[in-house]
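The values are calculated or read from the model by the stated rules, or taken from the named source; none is laboratory data. Everything numeric in this text was worked out from a predicted model, so none of it was measured. Neighbour counts run over all protein chains shown; Cβ positions are idealised from the backbone, glycine included. Please note that ligands, DNA and RNA were not included when accessible areas were found on the heavy atoms of the full protein model with its side chains. Shrake-Rupley method; radii C 1.70, N 1.55, O 1.52, S 1.80 Å.
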Amino acid sequence: MYKYLSILRINWIQALEYRGNAYIGLFAIISGLFIEYQIWSLIFDSKNMATIVIEGSTDGYNFNQLIVFIFLSIIVGQLKSSWMTSSQMIVEIRQGLINKYLIRPISYFWYNFMMFIGVNSIYYIVYTLLLLLFIFIYPDMLFQNNFSIIGFFITLIISIYISYCIYFIMACFAFWFGEVRSIVVAYNLGMLMISGQYMPIRLFPKEVLNILQWTPIPYLVDFPVSIATGLVLITNSIDKIILSLFWCVVLTALSKIIYNFGIRQYEAYGQ
Amino acid sequence: MKHMVNRYFKVWLAFFRNTLSRDMEYKTNFIFEIFIDFIYYGSLFFFFKVIFQFIDQLGDFNQDAVIIFLVTMYIADSLYVFLLGGNVFNINNNIKSGDLDFILLKPINSQFFISCRYVNTHTLISILILSVLLIKLTYSYHDNSFLIINYIFFIPSLIFGMFIFYSFEFIIASLSFWFRNFSYAGWLAGELIKYSRRPDSIYKKWFRNILFTIFPMAMICSVPSRILIFGVNIKLFFLQIFISILFLWITTLIWRRGLLRYESASS
């Protein structure tokens, strides 16, 4: 365990060195929220709507509630994303650079998980500060009780883990196809929309929602955000938490199986 | 002048042939690249589909007009990626590693070389499919009539929009000369370009004025699509030409100023 914590610490130090990333991340959130704000204010104003129908809410959502929901969705969406770690894994597999992990007593899966957490660690600090600011501006809309705080952190950890497993599986395709960064890009672009990063998935048509329920996608953004905003009560969602943990187990097993098959294909090209 | 254009065109053709053969080395990735485009198009299309559950009109744009806007945006994006998009963010690596030396030594304009060296050949397929789709959509939008004058202005407007797109990305990437390592330039540029990916009419009036002038994101996709949807607005068209030339000129200025700061890092 100590060796993995060391990896985490090294990446944490590196992440703190490059603070520019955090500033751009902050700008990305505010800028993304500003665009959504413009669209939704146009919709609310033009129809003189007081609330909008949202799946799971009996009274619907007013404008401020919707903006807070989208704000938190953008934050969670960014925390679960990884451009850097997955790209690095693909390059390592393609160029035969994973030999060094194979001859050491270290798991490639957990090594990269610690990298994933470490690289994103700078965001955890900055986004927490931003979150505190939003709690101050909209006091009754986020974390109404201690359960929602605990529930949010549990489901956020699950979301990050599920997301990492999906990235790991995609990166493993490099064992067969060599260059697969385009799959990761396609996934990232698709997830911006499908996971609810820019628009709550609860606004999607029923048919789409029914399909999404059978995938781990709702646990990436929607579930943690719904708990934080009080749309879903943690005490009523034990079954959903169990289901999300089930996805963690399934995806971990799948990651290991695909990696083990892939490593048999691996020929250390370029070394 | 004619000789120079000819020469640069021949150089570009050589770049094209070279990158096409490189792309064919990774055929699966080539197919996936096309797949990415369609995922991206699909996700934005879906976004507006959900939005139109709640509203009939986004300012001047109704649902059909928004679809024309989206297809125009996809073409503008593909055109940019085809000609320039694969190069701009290599500027940071070239500066950081000192590889820019090799470009500066070549008997060619260094900005041209660094901006055009790699051609993203897969986008040709997207451009072809999207162009056919756009013609079909505009034809039915205008009650089955083909308004050729709109296309005559649309094509240059699309190209000038692409120059603005390029200028923004290039200027941001060139900041590497000052920051030494600016690997997040792509992310920052992507966030700024995002403003061009929504119809201008969603923004409030004061912000729209900004988007048509000092931060000309509406000039990239909204102006060409407005030409196709609402007809030619000469004032807007010439404003777009002026802004794109101005921004292109700023790129050359920044590139030259940046080169003066370049210290050939690792050589």
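Quick rundown of the values:
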read-out	value
Overall form of the protein assembly as shown per C-alpha gyration tensor (a/c, 1.5; a/b vs b/c)	oblate
Cβ-placed point charges (K, R +1; D, E -1), dipole of region B:188-239 about Cα centre in debye, nearest 20	160 debye
15 Å reach of a label modelled at B:TYR8, 7 Å along Cα-to-Cβ, counting backbone N of region B:90-114	B:107-114
Pairs beyond 20 Å (Cα-Cα), from A:LYS47/B:LYS49; A:LYS47/B:LYS204; A:LYS3/A:LYS80	A:LYS3/A:LYS80
Alpha-carbon centroids, region A:157-225 and region B:44-87: separation in whole Å	22 Å
Once the Cα gyration tensor of region B:1-160 is diagonalised, semi-axes √(5λ) in Å	35, 20, 15
Selected from B:THR138, B:VAL223, B:GLN53, residue furthest toward positive end of dipole (region B:2-265; charges at beta carbon)	B:VAL223
Whole-Hz ³J(HN,Hα) from phi, Karplus 6.51 cos²θ - 1.76 cosθ + 1.60, for region B:129-141, glycine and proline x	5, 5, 5, 4, 4, 5, 4, 5, 5, 5, 4, 6, 5
Relative contact order %, chain A, counting alpha carbon pairs below 8 Å whose residues are six or more apart	29 percent
Mean Cβ count within 10 Å, highest first, over the residues of peptides B:168-174, A:185-191, A:242-248	B:168-174, A:185-191, A:242-248
Number of partner chain Cβ atoms within 10 Å, mean per residue of A:42-53	3
Separation in nanometres of the label points that stand 7 Å from Cα toward Cβ, at B:ILE148 and A:ILE150	7.4 nm
Exposure rank, largest accessible area first [B:ASP77, B:ASP64, B:ASP200; 1.4 Å]	B:ASP64, B:ASP77, B:ASP200
Shielding by partners - mean other protein chain Cβ count within 10 Å, residues of A:27-39	4
Average beta-carbon neighbours from other chains, 10 Å sphere, peptide B:47-56	5
Computed accessible area, B:ASP56, all protein chains, 1.4 angstrom probe, square angstrom	100 Å²
Farthest toward positive dipole pole in region B:11-63 [+1 Lys/Arg, -1 Asp/Glu at C-beta], among B:ASN18, B:LEU44, B:PHE32	B:ASN18
Cα-based reach from A:LYS240 at 14 Å (exclusive), listing aspartates and glutamates while leaving out same-chain residues under 8 positions away	A:ASP222
Mean Cβ count within 10 Å, highest first, over the residues of peptides A:118-126, A:13-21	A:118-126, A:13-21
Helix-only [θ]222 nm of the protein assembly as shown, DSSP H runs n ≥ 4, -39500 (n - 2.57) each, per residue, nearest 500	-23500 deg cm²/dmol
Taking all pairs of distinct alpha-carbon atoms in chain B, Kirkwood radius in angstrom	19.8 Å
Cross-link partners of A:LYS206 among aspartates and glutamates (Cα-Cα below 14 Å; sequence separation of 8 or more within a chain)	A:GLU55
About the Cα centre, charge dipole magnitude for the protein assembly as shown (Lys/Arg +1, Asp/Glu -1 at Cβ), debye	1320 debye
Dipole magnitude (debye, nearest 20) for region A:1-125, charges at Cβ of Lys, Arg, Asp, Glu	720 debye
Shape call, region A:2-265: gyration tensor on alpha carbons, a/c limit 1.5	prolate
Theoretical FRET efficiency, 1/(1+(r/R0)^6), r = Cβ-Cβ of A:GLN88 and B:ILE135, R0 25 Å, to 0.05	0.05
Reach of A:LYS256 by Cα under 19 Å, taken over lysines that are not fewer than 8 positions away in the same chain	A:LYS100
For B:LEU58, residues with placed amide H under 5 Å, excluding near neighbours	none
